[in-house]
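Asks: The structure is given below, and queries will be raised subsequently.
The values are calculated or read from the model by the stated rules, or taken from the named source; none is laboratory data. These numbers come from a predicted model, not from an experiment. Note that each Cβ is placed from the backbone with ideal geometry, even for glycine, and that neighbours are counted across all protein chains shown. SASA here: full protein model, heavy atoms, side chains in, ligands and nucleic acids out. Shrake-Rupley method; radii C 1.70, N 1.55, O 1.52, S 1.80 Å.
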Amino acid sequence: MTISKQNITRRTFVDRALKGSLLSLSFKVGGSALLMTPREARAKELSLQHLDADQAGMLERLGEAIVPGSADSGLVHFIDHQFGVEPDDCMLIAKFFQVEPPYKNFYVGGLSAMATAAEQNMGKPIDTLDESELKQFIQQISKPGTMVDGYPLFLFYLCLRSDGVDVVYGTPEGFRKLNVPYMAHILPPEGWNG
């Protein structure tokens, strides 16, 4: 379900949050801003604003290998969207690891370093690794202190894993997958009808 930006009220926002769409973001579609989840943006194949097709493909493949389900949950659309927000409003975990904005530089640098590491460690590009090789590669780069040409691969891995966990498990649906009761941080008082 999408909601045009003009029709969003506090009640609509709270209703969507309580129904599992807490991670709704404003995406531009045909000159209009629509509120939707990263999963909905991916399903609608919305154009990415900051990543090219190769970067998006590599990011999705790595994200899915690290956190299964992150591709369908819209990890790439989530990250791409966050590149376009003010650093103080950014929800990427890199912000909390004191990565210097713009965060796009860190993620694109991470993809480049991953490509180099795959060539060095596996002898071929990431997109040609089979599932077993990709798993082995992820195990190699996920070790603390792993660096490629001075780039902290472990930090990139940690950020990508955390962002993947956020889009897969940071919703009521994700909590259900984990068999954990979802408890909203702040619920409106009963009778509140903003």
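Asks: Once a ≥ b ≥ c are taken as the square roots of the eigenvalues of the Cα gyration tensor of segment 121-168, is the result rounded (a/c under 1.5), prolate (a/b larger than b/c) or oblate (a/b not larger than b/c)?
Replies: In terms of gyration-tensor shape, oblate.
Asks: Which of the residue pairs K44/K124; K104/K124; K95/K143; K104/K177 have a Cα-Cα distance greater than 27 Å in the structure shown?
Replies: Those over the limit are K44/K124; K104/K177.
Asks: In nm, give the distance between the simple-model label positions of N179 and S162, each being 7 Å from the Cα along the Cα-to-Cβ direction.
Replies: 2.9 nm
Asks: Now a separate question. Let me have the relative contact order for segment 78-172, percent, based on Cα pairs under 8 Å that are six or more residues apart.
Replies: The normalised contact order for segment 78-172 reaches 25 percent.
Asks: With every protein chain present, what accessible area does K177 have (1.4 Å probe, heavy atoms only), rounded to the nearest 10 Å²?
Replies: Here the residue's solvent-accessible area equals roughly 110 Å².
Asks: Net charge around F97, counting only other residues with Cβ within less than 15 Å of its Cβ (Lys, Arg = +1; Asp, Glu = -1)?
Replies: Charge balance in the 15 Å sphere: -1.
Asks: Carbon and sulfur together cover what percent of the accessible area of segment 17-158 at a 1.4 Å probe radius?
Replies: Looking at segment 17-158 in its full context, I get 51 percent from C and S.
Asks: Express the accessible area of segment 121-177 per residue in Å², computed with a 1.4 Å probe while the remaining protein chains stay in the model.
Replies: 52 Å²
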